[in-house]
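Encoded as structure tokens, the structure appears first; notes follow it.
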Amino acid sequence: MTERVVIGRVGKPHGLDGSFYVERPSLDERWWRVGAQLVAGGREVQVVGARRAQSRPVIKVDPPVERGAVIEVDRSALPPTEEDEYYAFELVGLAVEEEDGRALGVVESVDPGVANDVLALDSGILLPMVEDCVREIDLDARRIRIATGFVD
């Protein structure tokens, strides 16, 4: 089975032609263009209409899908990351610990912040995704090390 990555969700309708707002859309605009191949609600669909409204993507897909359906793409369709670059979905589920080894929790989500993204941990801790805080991300070890002193 192909590994897929969530890039949005079918939101409320826009107009009468079957178009809809994309909720929590990927910032990669290529997914929201006519001709893009996506998976929505577990089915392969093609974007047949695309525009923006209120700074958000509005698309129409064929075949139509239900409101609330998850919109995904194959992970292999994503461009490769550079060294020390990560997709947010790669960080979810990683254990987080301070440099001294103290466990802080597990990443539940990576949320957009005002100045930078924020790691939201299952322990309720929020950590800024800045170099002064995040010292090491090791995907193979499934661990993130942060600077001692960012918590407490």
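Residue-wise test of (1) modelled with pLDDT under 95; (2) under 16 Å from residue 69 (Cβ atoms); (3) open to solvent by less than 50 Å² (accessible area, probe 1.4 Å); (4) touching a Ser or Thr at 6+ places or on another chain (Cβ under 9 Å).
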site	(1), (2), (3), (4)
4	yes, yes, no, no
11	no, yes, yes, no
26	yes, yes, yes, no
31	no, yes, yes, no
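For residue 76, state whether it is under 14 Å from the mean Cα position of the chain (by Cα) and hydroxyl-bearing (Ser, Thr, Tyr). Against the criterion (under 14 Å from the mean Cα position of the chain (by Cα) and hydroxyl-bearing (Ser, Thr, Tyr)), residue 76 does not qualify.
Kindly provide the set of residues from region 19-65 that are of a type in the set (Gly, Ala, Ser) and out of contact with any His (no Cβ under 7 Å at 6 or more places or on another chain), ordered by number.
Within region 19-65, the subset of a type in the set (Gly, Ala, Ser) is 19, 26, 35-36, 40-42, 49-50, 53, 55.
The answer is 19, 26, 35, 36, 40, 41, 42, 49, 50, 55.
Taking into account only those residues within region 133-152 that are farther than 13 Å from residue 94 by Cβ and in a loop (DSSP other than H, G, I, E, B), which is most open to solvent (accessible area, probe 1.4 Å)? Explain how you work it out, then say what you get.
To start, the set of residues in region 133-152 that are farther than 13 Å from residue 94 by Cβ comprises 133, 135, 147-152.
Those left that are additionally in a loop (DSSP other than H, G, I, E, B): 133, 147-152.
Details: 133: 0, 147: 6, 148: 77, 149: 60, 150: 87, 151: 24, 152: 170 Å².
Once the filter is applied, the top-ranked residue is 152.
Every condition in (1) free of Cβ contacts under 8 Å to residues at least 40 places away in the same chain; (2) touching a strand residue (DSSP E or B) at 6+ places or on another chain (Cβ under 8 Å); (3) not polar (S, T, N, Q) is met by residue 152 except one, and the failing one is (2).
Conditions (1) of a type in the set (A, V, I, L, M); (2) farther than 17 Å from residue 73 by Cα, marked per residue:
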site: 17; (1), (2): no, yes
site: 25; (1), (2): no, no
site: 32; (1), (2): no, no
site: 40; (1), (2): yes, no
site: 47; (1), (2): yes, no
site: 52; (1), (2): no, yes
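When the test is whether a residue is at pLDDT 95 or above, more than 24 Å from residue 110 (Cα to Cα) and out of contact with any His (no Cβ under 6 Å at 6 or more places or on another chain), residue 70 does not pass it.
So in region 33-52, with the set limited to residues that are open to solvent by less than 40 Å² (accessible area, probe 1.4 Å) and more than 21 Å from the chain's Cα centre (by Cα), which one is farthest from residue 10 (Cα to Cα)? The qualifying residue farthest from residue 10 (Cα to Cα) is 35.
The values are calculated or read from the model by the stated rules, or taken from the named source; none is laboratory data. Keep in mind that what you see is a predicted model, and the values were worked out from it rather than measured. Positions of Cβ are backbone-derived with ideal geometry, glycine not excepted, and every protein chain shown enters the neighbour counts. The area values use the complete protein model at the heavy-atom level, side chains included, leaving out ligands, DNA and RNA. Shrake-Rupley method; radii C 1.70, N 1.55, O 1.52, S 1.80 Å.
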